[in-house]
Amino acid sequence: MSSSELLQFLISGLQNGAVYALVGLGFTLVYASTGIINFAQGEFFMLGGMLAVAGVRMGLPLPLSILAAVLLSAGVGVAMERFALRPRRDSGALVLIIITIGASMVLKSLARHIFGPNEMALPAFTPGPPVLLLGAAIDRQVLWIWGLTIVAVVGLTLLYTKTKLGRAMRASSLSHDAARLMGIDTAGVVMISFGLAAALGALGGAAVAPLTQTAFDVGARAGLKGFAAAILGGLGNPIAAVVGGLVLGVLESLSVAFISSTYKDAISLVLLLAVLFLRPQGLLGKSGREKV
């Protein structure tokens, strides 16, 4: 294998890894504020692509279609928390997780009936030939995916460390009861977390749709890879989710290069199991840390 071919596989891995990171950031946001896993996160990825395509077909400019898709998906995330999860917030983590699984099934079914069963294509954000780098070709849409991932992780890091809302989210992640005693609106914090998580998932779905197309059933695979990325890096840490996503994407791509494409999807499952058994806190997580 030549160096240019190896570089092409690495670029492909970083492309997929950035998408996994955007989905994984959503898992991290919800876990950090509630201590549960939102298994509907993959469906927000699906909604982002489908709603963006629908906007373009309705005649909206592409940027406005993407913005509308992200905002509408965020609204769905807020509504799911407010009307499905909040009434049962005292029922325990397992009940809440099951509710997110049910919400995932509902969103997938609704998308199939509203948008149809066929794949849908979204125009590229920046049309044009690929960018050449040392003999490897980088699609212009991939540059958008990388850029959006960087913006998302920098934005979340600043949110957590520099804003009152971020401090409230961190306090709520440690103890909802203590946060409430300090005057923090924990219900509002959780609702905002679900909205932001849905928006990030939708942004990933819209960004990747020009490359792979989208359909009502793409959410399950994206959710699995995003969950694996979040676990691999360490739940509750935005930077860790991005690192986990990139590592997962590169390992998958290298498995295609050196083993076989047959085992590509198995890589995420093997990594997920290995991390859960050997290092449950993730690559960048701290041992002994407990989320309440």
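Please treat every number below as a calculation from the coordinates, not as lab data. In this text the structure is predicted, and so the values were computed from the model without any measurement. Using ideal geometry, Cβ is built from the backbone for each residue, glycine included, and neighbour counts are taken over all protein chains shown.
Quick one, can you get me the convex hull of the C-alpha atoms of region 150-231 expressed as volume per residue in Å³?
Hull volume normalised by residue count: 112 Å³.
Taking 0.36 nm per intervening residue step and subtracting the Cα-Cα distance, what contour gain separates residue 273 from residue 167 on full extension?
34.9 nm
Give me a comma-separated list of calculated 3J(HN,Hα) values for region 71-80, in order, Karplus coefficients 6.51, -1.76, 1.60 applied at θ = phi - 60°, integers in Hz, x for any Gly or Pro.
5, 5, 5, 4, x, 5, x, 4, 5, 4
Among rounded, prolate and oblate, which fits region 63-131 when a ≥ b ≥ c are the square roots of the eigenvalues of its C-alpha gyration tensor, a/c under 1.5 means rounded, and a/b larger than b/c means prolate?
In terms of gyration-tensor shape, prolate.
For the chain, set up a GNM with springs between Cα atoms under 10 Å and report which of 95, 243, 19 has the largest fluctuation.
95
Report, in deg cm²/dmol and to the nearest 500, the calculated mean residue ellipticity at 222 nm for the chain, where each DSSP H run with n ≥ 4 adds -39500 (n - 2.57) and the sum is divided by the residue count.
Helix contribution divided over all residues of the chain: -24500 deg cm²/dmol.
Over the Cα atoms of region 186-266, each weighted equally, I'd like the Debye log10 I(q)/I(0) at q = 0.17, 0.19, 0.26, 0.27 Å⁻¹, rounded to two decimals.
-0.82, -0.99, -1.34, -1.34
What do you get for Rg/Rh of the chain when both radii come from the Cα atoms and Rh is the Kirkwood radius?
0.97
Take region 100-224, drop everything but the C-alpha atoms, weight them equally and run the Debye formula without solvent; then report log10 I(q)/I(0) at 0.20 Å⁻¹ to two decimals.
Relative scattering, expressed as log10 I(q)/I(0), comes to -1.14.
Could you check which residue among 44, 125, 258 shows the biggest mean-square fluctuation in a GNM of the chain with a 10 Å Cα cutoff?
Ranking 44, 125, 258 by mean-square fluctuation puts 258 first.
How much length is gained if the chain between residue 83 and residue 256 is pulled fully straight, taking 0.36 nm per residue apart and subtracting their Cα-Cα distance, in nm to one decimal?
Result for the pair: 58.0 nm of gain on full extension.
Using a Förster radius of 22 Å, what is the FRET efficiency between residue 4 and residue 131 based on their Cβ-Cβ separation? Nearest 0.05, please.
Calculated value: 0.95.
If each residue of separation counts as 0.36 nm, what is the full-extension length gain between residue 101 and residue 68 once their alpha-carbon separation is subtracted?
Going from the current span to full extension adds 9.4 nm.
Output ³J(HN,Hα) for region 245-251: one whole-Hz value per residue in order, computed from phi by the Karplus curve 6.51 cos²θ - 1.76 cosθ + 1.60 with θ = phi - 60°, and x for Gly and Pro.
Ordered by residue, 3J(HN,Hα) equals x, 5, 4, 4, x, 5, 5 Hz.
How many angstrom separate the Cα center of region 89-162 from the Cα center of region 214-280?
Computed from Cα coordinates, the inter-centre distance equals 15 Å.
Which of the three applies to region 15-106, rounded, prolate or oblate, going by the alpha-carbon gyration tensor with a ≥ b ≥ c and a/c under 1.5 meaning rounded?
Because a/c hits 1.5 or more and a/b exceeds b/c, region 15-106 counts as prolate.
What does the convex hull of the Cα atoms of region 20-61 come to per residue, in Å³, rounded to a whole number?
Value for region 20-61: 78 Å³ per residue.
Comparing 157, 28, 262, which has the greatest mean-square fluctuation in the GNM of the chain with Cα pairs linked when under 10 Å apart?
Its mean-square fluctuation being the largest, the pick is 262.
In sequence order, what are the phi-derived ³J(HN,Hα) couplings for region 254-262 according to the Karplus relation 6.51 cos²θ - 1.76 cosθ + 1.60 with θ = phi - 60°, rounded to whole Hz, with x for glycine and proline?
My calculation for region 254-262 gives 5, 5, 5, 5, 10, 10, 6, 5, 4 Hz in order.
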